[in-house]
Amino acid sequence: QVQLVESGGGLVQAGGSLRLSCAASGTIFRFAPMGWYRQAPGKQRELVATIRSGDSTNYSDSVKGRFTISRDNGKNMVFLQMNSLKPEDTAVYYCNYHFATLDYWGQGTQVTVSS
């Protein structure tokens, strides 16, 4: 059974930075992608960034150039460095692990960016 626990959310002013962490436990395959998604009030959950083995990354256009995803396979952790935060980045951020047809999710961490 895979468990994901996020941390690092909080309240920050526009232009500030936050670093989210996700600790994964259970059977984690290094070749399986991990990523970050977010859900703002009244909106659908959306992709923020994903990372695969070999450090292949993918970002949504809205965060490209501001956010950086990274992964520590030895510790089964994935990180999201968020810079130049905007009020529209306010959302609950979820860690995701995808293996075969299965998706695992963390409980989410709130990020609030004030203007």
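The values are calculated or read from the model by the stated rules, or taken from the named source; none is laboratory data. Every value quoted in this text rests on a predicted model; they were computed, and no experiment measured them. Note that each Cβ is placed from the backbone with ideal geometry, even for glycine, and that neighbours are counted across all protein chains shown. Just so you know, the surface numbers come from the protein's heavy atoms only, side chains and all, with ligands and any DNA or RNA stripped out. Shrake-Rupley method; radii C 1.70, N 1.55, O 1.52, S 1.80 Å.
Tell me which residues, restricted to the range 53-65, are at negative phi, part of a loop (DSSP other than H, G, I, E, B) and over 13 Å from the mean Cα position of the chain (by Cα). Those that are at negative phi, part of a loop (DSSP other than H, G, I, E, B) and over 13 Å from the mean Cα position of the chain (by Cα): 56, 61, 62, 64. If you go through the range 5-17 and pick out every residue that is open to solvent by less than 30 Å² (accessible area, probe 1.4 Å) and over 11 Å from the mean Cα position of the chain (by Cα), you end up with 3.
Candidates are the residues of the range 82-115 that are among the polar types (S, T, N, Q) and open to solvent by 60 Å² or more (accessible area, probe 1.4 Å); the one that is farthest from residue 10 (Cα to Cα) is 101.
Among the residues of the range 68-91, those identified as in contact (Cβ under 8 Å) with a residue 24 or more places away in the chain and either touching a helix residue (DSSP H, G or I) at 6+ places or on another chain (Cβ under 6 Å) or assigned to a strand (DSSP E or B) (or both) are 69, 71, 77, 78, 79, 80, 81, 82, 91.
Taking the range 18-47 as the region of interest, how many residues are open to solvent by less than 60 Å² (accessible area, probe 1.4 Å), farther than 23 Å from residue 89 by Cβ and either in a loop (DSSP other than H, G, I, E, B) or of a type outside the set (A, V, I, L, M, F, W, C) (or both)? The qualifying residues number 4.
Taking the conditions (1) in a loop (DSSP other than H, G, I, E, B); (2) at pLDDT 95 or above; (3) hydrophobic (A, V, I, L, M, F, W, C) in turn, residue 12 satisfies each one other than (1). Among the residues making up the range 5-51, those that are polar (S, T, N, Q) and over 23 Å from residue 102 (Cα atoms) are 13, 17. Does residue 30 satisfy the condition of being among the basic types (Lys, Arg), under 20 Å from residue 5 (Cα atoms) and out of contact with any Gly (no Cβ under 8 Å at 6 or more places or on another chain)? Yes: the conditions hold for residue 30. Considering only the range 61-68, I want to know if a residue exists there that is surrounded by fewer than 15 Cβ atoms within 10 Å (Cβ to Cβ), in contact with a strand residue (DSSP E or B) (Cβ under 7 Å, 6 or more places away or on another chain) and modelled with pLDDT of 95 or more. No, there is no match, as no residue in the range 61-68 is surrounded by fewer than 15 Cβ atoms within 10 Å (Cβ to Cβ), in contact with a strand residue (DSSP E or B) (Cβ under 7 Å, 6 or more places away or on another chain) and modelled with pLDDT of 95 or more.
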